[in-house]
Structures are given as structure tokens and as C-alpha cells.
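Asks: Input: one structure, supplied below.
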Amino acid sequence: MQRIAVGGFQHETNTFAPQRATWDDFARADAWPGFVRGPALFDAVVGYNIPIAGAVEALRALGHELVPLCWCAAPPSSYVDEDAYERVAAAMLEDLAAAGALDGIYLDLHGAMVAAHLEDGEGELLRRIRALVGDRIPIVASLDFHTNMTPEMVRYSSALVGYRTYPHIDMAETGGRAARLLDRLLRDNRPLCKAFRQVDFLIPLVWQCTMAEPTRGVFALIDEIERGSAPGGPSHNQGIVGITHTPGFPPADIAQCGPALVVYGYDQETADAAADRLLAAIEAREAEFAGRLYTADEAAEEAIRLSQSASKPVVLADIQDNPGAGGTSDTVGLLRALIAHKAAGAVIGMIVDPEAAAAAHAAGEGALLPCGVGAKVGYGGETPVEARWRAVRLGDGRFTGTGPFYGGAKFDIGPMALITDEDSGVSAVLAAKRIQAADQEMFRHVGIEPSQVPILALKSTVHFRADFQPIAEAVLCVVSPGAHVSDPVELPYERLRPGVRLRPLGPKRI
């Protein structure tokens, strides 16, 4: 039995988004637990599909003694306030300093955190921890698929272990993989060689999905290389221990934004060869990271056409208002298009409008709302949609996720309401807190069975596919205005390092 400290600090930062992450955003619960510190951490994360839950389970099964630090996550947004960052970092360092003798550290990190006062949130946190505990103790961190992996993150950690699915259905599994790698490092007691590479083009999130090519093929190659290093494999004796590839999070104006990979092994030459092989495979498929996108009007028209002969819902992904990438989840471009084209029976969610949700609850089921809907942040100068909105069904926003991505999540997202425009027959699901539309229970909570509607519009880029693609007749990706700008060429980068192409085969950052 060895003593291992366990903690986490998660935020995905879209530096171009309008809303910052404050301490309150980390402190409160939504789909995940709020800030938790000390022994309560373990019970707080049980049953969630998050990395720390998988890591705790795996480390306990391996017989280790766990020392709790703190864990927290805030919804994706713009910069993390300095106060919030420093409060969490200070708590983690205080607990590490008070922990006594440790043999290892596991951290549940995101990898795309940017604070108001520093570009590389995770790299700086790892640097501070390494300075406190020294070089002897192995530090292994799990990372989100959308990490902007930096040289500092690789340098100050012993190993980084990233998700391999997008939609992220393997979050807890990744925590388990990181825990087992940490256990191996403790048993082997020898340092790893590291081969770090950065890809020189940005990949829009919508084309990073592992359910389709080319990303699916990239991760298949990673599995192939690792299998060759497994016991009995042809290169086992050469000692590749693990590979992490992170396709990156483009809406982050930092120098090291973009896809990257790192190969770990006990032989530098072999690690370098594997890293070069994987990098070449990604670069060879550069042109494939693209596809068809629809305007809001095009999507509404095509969805109506397809739904007339479909037996399943036509799903519209409002990819640029994805709260999982810093979107406000209240833009109304797609909603207006559905109403204008009279897409009767269509349902859009989740539109975050606490005032309209509260008004629906005050008015009661069956009543007309006294206000417009959406555009409360007013991104792009939008204004609320005025219509004959009738409250159809109300909910308290407390339910449990059942889909592959949010399965087990205990939602607490404030008052919810299903409202319908009586003139067009278009409905909207309102919520009080930002949450990505990636679980069917969000709709069932207010009386909508997703498989039974003709058109379903979702505020999500890719995560929705895990739970909704199996019930969809077709999926159309929509570029209605939103804070998660899909094409990086449209973003006003100032800090991105020169030479990076702003999209596959696109112009370079000068």
C-alpha cells in the first residue's frame, strides 16, 4: 500500500466568450459536484462519469491509501478569474503540504484552462506542485480530449493520460487508466522518456468527433501502436508505456493552442519513432477534418423536408452556441429560423433564460408568458424572441442523467419549463443554468420524449451524439451565431504562436 494524493481542478476556457468563471461557478453544483475538499471528496464523486471517480475506484482496488485534496469544475466560459484560480490552487497546495509523506499524486485536470493572469492554468498548477513535492514523486494527470497540451504540462508531470472519445463517454475510464499508469510507475520505479509533438493546424471541434473519420482512424492507430507494446506484442520489449493525443480547443487565444501528442516509454528512440509516426498520420489526413455546415434557415428548411418522410427525429446541432465550449446557450438564431419556417412540432433546448423560466413557473402550466425568450446575454446584439409563448410543462431541474455522456450525473440546473409558440407550433426547453444538451433526460424532465418529435434542435457541438445520434434520422450541423465560433479563421488571435494554420489547409498565423 502506498499513499497517493487525489484531487482535481477543471475548466475549459474559451477566451473569446463573454462570460468569465468566478469562484461561485466552481463552488456550486450543476451536473457535477460543486467545490469539495477533504474526506467528503470521495463520496461526492461516486457514480459520476468523471475521471476522478474512475481514478478513486481503480486506486482503491489496487490497494493504495488515498489522501483527499480538493476537486471542482466550472462550466466552460471565458477566463477564470484570478481570485478563483488562486483560491483553488492555494487549497490544493495547502493540503499537499499538510499531507505528510506521499508516494504519488493523481490529478483530474482539463488541460484548456486559461486564467485572467496566466495562459497555462494546468502547466502553472503542475509547476507549483512539482516545486513543492520535488522530482521524486510521480505526478499523473488525466486530461480532457480538448486539452491544449503545453510543453510545461508535459515537463512538470510524470505522465498525462487523455480521453479517447468525443463524445466523452470514457471520462471515468480515463481516470482509471491514469490511476493504473501511476501504479505502474510506482512499481517500476524508473523515469519515463517523453516524446512531445505539436500539430501545426487547428481542428474545429465539430470535426474532432471520434465516431467518424478521420479522428476515429487516428485513435485506432494509437490503439494499434500501444497493442504492439503490450505483453506478447512485437514491440513490447521496446517499452512504449502510453500515448496521449489531444486534438485541442481552438477558441483559446494562447501561444500553445492546438492539437498535440505525447508518447511515453522506457526508450527515447522508440518513443520518438512512435510520436513521429502518429504525427505523420495526422498530418496526412489534414484535408479530411472538414464537412458540410448549414445556416439556420438552410437547416430549418432541410429538417422540415426530411421530417416529412422520416420515422425518427431530424437533429439540428446548434454548434456555435454550445455551453460546453463557452457558449451562452441563449442565442436565438436557430429558434427564430424554426419559427419563421413554421417547423411545427420542433423542440429546441436547452435555452438558458432564468427570467423566462421563473416567469413560466409564476404563471403556471397553461398560462401565456409575459416576456420574450432567450438572448439575455445579448451575444451579437440579439434580442429576446417575442411570441405567444405558453407554458406547457414545468420542472425543478433536478434529475439524473441516463445517457452515455452524462450517465449518473445529478442535475440541479434550476427551474425548467417547456414552452410552445402557439402560432408556429415550435417549442423550447428553458433552464436556469448553462448545461449542454447532451442527455435525453433534459427533455423528458419537462414531458418531451425525444424520439417522438419530428425535429430536435440541440445546443451542443458533438457530445449530443452519444445519446441522440442513435435515435436520429439525420444530423445537421448548424452555424447560427454563438460565442463558440466554429471556424478558427474568424477568431481574432493575438497570442497564438506564428506558423499555425488556423484551420486544416487554411491560412497560417503570422
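Asks: Using only Cα atoms, tell me the angle between helix 51-61 and the longest principal axis of the chain; keep it within 0 to 90° and round to the nearest 10.
Replies: Roughly 40 degrees, rounded to the nearest 10.
Asks: Another question, then. How much mean residue ellipticity at 222 nm does the chain get from its helices, if each DSSP H run of length 4 or more adds -39500 (n - 2.57) and you divide by all residues, to the nearest 500 deg cm²/dmol?
Replies: Rounded to the nearest 500, it is -8500 deg cm²/dmol.
Asks: Helix 82-98 sits at what angle to the longest principal axis of the chain, using alpha carbons and giving 0 to 90 degrees rounded to 10?
Replies: 40 degrees
Asks: Run the reach check for residue 312 against aspartates and glutamates, Cα to Cα strictly under 13 Å, same-chain hits fewer than 8 apart removed. What comes back?
Replies: 449, 473
Asks: Taking the 0 to 90 degree range and rounding to the nearest ten, how far is the long axis of helix 171-188 tilted relative to the main principal axis of the chain, both from C-alpha atoms?
Replies: That helix lies at roughly 0 degrees to the long axis.
Asks: If you don't mind, another one. By DSSP, what percent of the beta bridges with both residues in the chain are antiparallel, rounded to the nearest 5? Working shown, then result.
Replies: On the way: 31 of 74 bridges.
Of all bridge pairs located within the chain, approximately 40 percent are antiparallel.
Asks: Next up: Just order 297-306, 60-69, 105-114, 280-289 by mean Cβ neighbour count inside 10 Å, highest at the front, would you?
Replies: Those peptides, ordered most packed to least, come out 105-114, 297-306, 60-69, 280-289.
Asks: By the scheme Lys and Arg +1, Asp and Glu -1, what is the net charge of all other residues having a beta-carbon under 15 Å from that of residue 389?
Replies: Once positives and negatives cancel, what remains is -3.
Asks: Additional query: At 0.36 nm per residue, minus the direct Cα-Cα distance, what do residue 494 and residue 386 gain on full extension? Give it in nm, one decimal, please.
Replies: Full-extension gain reported as 35.1 nm.
Asks: Dipole size in debye (nearest 20) for region 1-73 around its Cα centre, Lys and Arg Cβ +1, Asp and Glu Cβ -1?
Replies: 160 debye
Asks: Turning to a different aspect of this structure: Could you tell me which label, among (1) 135, 54, 46; (2) 68, 57, 48; (3) 69, 48, 43, carries the value of Cα extents along the principal axes in Å calculated for this structure?
Replies: Of the listed options (1) 135, 54, 46; (2) 68, 57, 48; (3) 69, 48, 43, (3) comes from this structure.
Where a number appears in this text, it was derived from the coordinates with a stated rule and is not lab data. Please read all numbers here as calculations on a predicted model, not as lab measurements. Methodologically, a virtual Cβ is constructed for each residue, glycine included, from the backbone with ideal geometry; neighbour enumeration extends over all protein chains shown.
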